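Okay, structure first, notes after.
Every read-out reported here was derived from the displayed coordinates using simple, explicitly stated rules and does not represent laboratory data. Bear in mind the structure is a predicted one, so any value in this text is a computation, not a measurement. Cβ placement follows ideal geometry from the backbone for every residue including glycine, while neighbour counts extend to all protein chains displayed.
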Amino acid sequence: MARKPIKTSIDFEARFPVKGRVLWAVMCDHCEAEGELRIRMARDPTKGWDYRLDDKGSFVDVHAVDASKSYDKVRAGEWVAGTLIVFGCLKKVWAREVSMEGSVLEDGTRLTGEVSLGDVHAQVDFGLFRAFLRFENAAQMKRVLKYEGIKDGSFVATDVQVDVKVERWGRKDDVLRGKARR
């Protein structure tokens, strides 16, 4: 039985840097106007962009739509640097930990994150990244979060959509030092 997609009044979009190895690049067979990249990146980029292939917990595979047409220039085995764009709707769930369903971050992946509240913003920690929710004022934030049943420390889930904007690609050393082709 298919899972119902999450649709609520709270949408988010998170953008964060990505550097990783291209596993494959392919043109979309439906529209031929965009492509898809599968990238292997470090699970915790704060410790560096490198990962160990023998340690499955040190990396995550990302399957993302690439509308910037770099999918037809990059090759498998090269490294890319760019921006990962993850977006979706948030729904309160009864969970006890931050998690990602499956081993690949791709369209439709269910992520569970923990909410922390500030004065006029909320932050959701999904483990791999953080999403910041901004509101016009404190009253609007209180009203929206109360309607959705979200409190400080509660958990939310989302079925993400994943896009990537590649800015550089080339050999590993060049990409990690910032000297790759554009």
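Observations
- Here the average projected area of the convex hull drawn through the C-alpha atoms of the stretch 122-171 stands at 5.5 nm².
- Against the chain, whose longest principal axis comes from its Cα atoms, helix 138-148 is set at around 90 degrees.
- Label-point separation in nm, GLU32 to SER58, each point 7 Å along Cα→Cβ: 4.2 nm
- Summing charges over all other residues whose Cβ lies under 15 Å from the Cβ of ARG40, with Lys and Arg as +1 and Asp and Glu as -1, gives 0.
- Each Lys or Arg adds one and each Asp or Glu takes one away; over the other residues whose Cβ falls under 11 Å from the Cβ of PHE59, this sums to 0.
- Pairs from LYS47/LYS151; LYS47/LYS165; LYS4/LYS69; LYS4/LYS151; LYS19/LYS91; LYS7/LYS47 whose Cα-Cα separation, in the structure shown, is over 28 Å: LYS47/LYS151; LYS4/LYS69; LYS19/LYS91; LYS7/LYS47
- Spatial offset of the stretch 82-110 relative to the stretch 143-182 amounts to 10 Å, using the alpha carbon center of each.
- Sorted largest first, the spans of the alpha carbon positions of the chain along the three principal axes are 49, 38, 35 Å.
- Taking all Cα pairs closer than 8 Å and separated by 6 or more residues, the relative contact order of the chain comes to 27 percent.
- Selected from GLY77, PHE135, LEU111, residue furthest toward positive end of dipole (the stretch 11-176; charges at beta carbon): PHE135
- Helical mean residue ellipticity (222 nm; -39500 (n - 2.57) per DSSP H run of 4+; nearest 500) of the chain: -2500 deg cm²/dmol
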